[in-house]
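What follows is a set of notes on a single structure, which appears directly below.
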Amino acid sequence: MKQYISGFISGVIAGIINCLFLLWAKDLEITVYISTLITWVVIGILISSVDFKLNSVFKGIIVSLLISLPSLVYTLSNSIFGAVWTIITTIMVGAFIGYIVEFVNKKR
């Protein structure tokens, strides 16, 4: 159960970080921020529950990229810069969640 809680909390932190990045974008509706937060909470829970036989950082990157693909396609249709930025933040924050979840689970 502890791994799911660590995944949830890491997802909330990652969602807040990504929402802060979105503050630089102009004319975004509140639903974009809510969607981003929910997506990262789900990604955090999934990273904590997936049992890939990989390094935790790579596991976080793979899961976060797979979950972010649909929004990435939409972002790419609007802005190439936005899509590149989405890929970079997804890789960084996914790796962060993977590392944190593994770190917390090893401490128990």
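Assorted remarks:
- Residue in segment 52-69 that is among the charged types (D, E, K, R) and in contact (Cβ under 8 Å) with a residue 24 or more places away in the chain present: yes
- Failed item in (1) more than 20 Å from I13 (Cβ to Cβ); (2) open to solvent by less than 20 Å² (accessible area, probe 1.4 Å), with S64 passing the rest: (1)
- Taking segment 27-50 as the range and being over 16 Å from P70 (Cα atoms) and of a type in the set (G, A, S) as the test, the residues that pass are G44, S48, S49.
- Cβ-Cβ under 6 Å pairs, at least 6 apart or on other chains, segment 26-48 side free of Cβ contacts under 8 Å to residues at least 12 places away in the same chain and open to solvent by 50 Å² or more (accessible area, probe 1.4 Å), far side among the acidic types (D, E) and not in a helix (DSSP H, G or I): none
Rundown of residues vs (1) open to solvent by less than 80 Å² (accessible area, probe 1.4 Å); (2) at pLDDT 90 or above, yes/no style:
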| position | (1), (2) |
| --- | --- |
| V73 | no, no |
| L76 | no, no |
| S79 | yes, no |
| G98 | yes, yes |
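The values are calculated or read from the model by the stated rules, or taken from the named source; none is laboratory data. The structure displayed is predicted, hence computed values, not measured ones. Reconstructed Cβ throughout: ideal geometry from the backbone, glycine too, with neighbour counts over all protein chains shown. Note: areas computed on protein heavy atoms with side chains; ligands, DNA, RNA excluded. Shrake-Rupley method; radii C 1.70, N 1.55, O 1.52, S 1.80 Å.
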